[in-house]
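Here is the structure we will look at.
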Amino acid sequence: MNTATFNSYRFWAYLQLLRPANIITAWADIMAGFAASGYFVQVNLTPLLWLLLATTGLYGGGIVFNDVFDAELDAQERPERPIPSGRASQTGASLLGGSLLIVGVTAAVQVSWLSGVLALAIATSALLYDAFGKHHPIFGPINMGFCRGGNLLLGVSVVPVAIGDYWFLGLIPIVYIAAITALSRGEVQGGKSSTGIIALLLITAVIVGLLGLGWLTDYQVITVLPFLTLLAIRVLIPFIKAALQPTPEQIRIAVRAGVLSLIILDTTLAAGFAGLPYGLLVLSLLPLSMILSQLFAVT
């Protein structure tokens, strides 16, 4: 193997650690929060670009450290992954993850002090999950949900005072991700029907909650109905199958559908606050994420 081929091989391994398809879903969080803040009507989109860079660093760094902390376990259960296979080193991955988290916090500070505080909280929560939270059956899913809820509020923080009005929006991805995280525990050895039923109930609660936001005067509930229907179809069906037959295969299918459908969830929020065209803009991220999911692992 010549030097150029070897470098390309190594680059691809570190790129796999980032799970690019998942990072696209994090962009959707930011765009949904951006819509809720009301700032989307402004001509200046520089803050949005800073926040998209911030979430790229935060999510990318967090997911890289997930593999760093799991290297020993992956060597037994998933030896094909970049670190246990030797295609990426644990030191190199740690440097990459740390650099990305620093970029994420630094980019957020360019928008507002509150954005910087939220970014730091997200980074801390991500590391806490990677090191400890994932091993706890109750705290782990909530911990991971907090990361995504914080990411949505990071988008809202472009208008700091809007956080006080829409802080509760962060609960939606917290519940949604908690459901996915709880179910994902059975990806390798299979899960329990009871866990699948709980995850299904949580997903249903999210769908009802998105509809219930119609009580907000600035939320266009009629506009969100097509997106909400799409979300229900894409997520409920695989989650029902995983609850009825909690095999590793069915669980992986449900988890993958849940992760990619985060974009549809965010589209629903974005359309409700900013209208159909903006919602369709967020939804346009879904094909890109799905294409990348064919090239890189999602879970």
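The values are calculated or read from the model by the stated rules, or taken from the named source; none is laboratory data. Small disclaimer: the values here were computed from a predicted structure and weren't measured. When we count neighbours, we look across all protein chains shown, and the Cβ atoms used for this are built from the backbone with ideal geometry, even at glycine. These area figures cover heavy atoms from the full protein model, side chains too; ligands, DNA and RNA do not enter into them. Shrake-Rupley method; radii C 1.70, N 1.55, O 1.52, S 1.80 Å.
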- [ ] Would you mind counting up the charge near residue 289? Only other residues with Cβ under 12 Å from its Cβ, with Lys and Arg at +1 and Asp and Glu at -1.
- [x] +1
Open item on the list: Suppose only helical runs count, i.e. DSSP H with n ≥ 4. What mean residue ellipticity at 222 nm does that imply for the chain under -39500 (n - 2.57) per run, divided by all residues and rounded to the nearest 500 deg cm²/dmol?
Closed with: -25500 deg cm²/dmol
- [ ] Check each of the chymotrypsin sites (Phe, Trp or Tyr not before Pro) in segment 34-139 and keep only those in coil by DSSP with at most 16 other C-beta atoms within 10 angstrom; list them in order.
- [x] 132
Open item on the list: So if the hydrodynamic radius of segment 22-71 is defined as the Kirkwood radius over C-alpha pairs, what does Stokes-Einstein give as its diffusion coefficient at 37 °C and 0.692 mPa s, in µm² per second?
Closed with: 277 µm²/s
Task: Mean shadow area of segment 67-181 over all directions, Cα convex hull, nm² - done: 7.6 nm²
- [ ] Could you work out which residue, out of 154, 236, 269, moves most in a Gaussian network model of the chain, that is, has the largest mean-square fluctuation with Cα springs under 10 Å?
- [x] 236
- [ ] Quick one: among 233, 172, 83, which has the greatest mean-square fluctuation in a GNM of the chain with alpha-carbon springs under 10 angstrom?
- [x] 233
TODO: For the chain, give the percent of accessible area contributed by carbon and sulfur heavy atoms, probe 1.4 Å, rounded to a whole number.
DONE: 71 percent
- [ ] Between the alpha-carbon centers of segment 114-169 and segment 178-215, tell me the distance in whole angstrom.
- [x] 19 Å
Open item on the list: If I take every Cα pair under 8 Å that is 6 or more residues apart in segment 141-259, average their sequence separation and divide by the length, what percent do I get for the relative contact order?
Closed with: 28 percent
Open item on the list: Need one number: convex hull volume per residue for the chain, Cα atoms only, in Å³.
Closed with: 124 Å³
Task: Gyration tensor (Cα) of segment 152-299, equivalent ellipsoid semi-axes in angstrom - done: 27, 17, 14
Open item on the list: Just to confirm my numbers, what's the Cα centroid distance between segment 36-100 and segment 246-299 in Å?
Closed with: 18 Å
TODO: Quick one: what are the phi-derived ³J(HN,Hα) couplings along segment 44-58, Karplus 6.51/-1.76/1.60 with θ = phi - 60°, whole Hz, x for glycine and proline?
DONE: 6, 9, 4, x, 5, 5, 4, 5, 5, 5, 4, 5, 4, x, 5
Open item on the list: Please list, in order along segment 193-210, the HN-Hα scalar couplings obtained from phi with the Karplus expression 6.51 cos²θ - 1.76 cosθ + 1.60 (θ = phi - 60°), rounded to whole Hz, x for Gly and Pro.
Closed with: 4, 4, 5, x, 5, 4, 4, 5, 5, 5, 5, 4, 4, 5, 4, 5, x, 4
- [ ] Please give the per residue accessible area of the chain, computed with a probe of 1.4 Å over protein heavy atoms only, in Å².
- [x] 44 Å²
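Per the Kirkwood treatment, what hydrodynamic radius in Å, one decimal, follows for segment 17-119 from the mean inverse distance over all distinct Cα pairs?
The Cα-based Kirkwood calculation yields 14.6 Å.
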TODO: Enter the accessible area of residue 19 (Å², nearest 10), with the probe set to 1.4 Å and all protein chains included.
DONE: 10 Å²
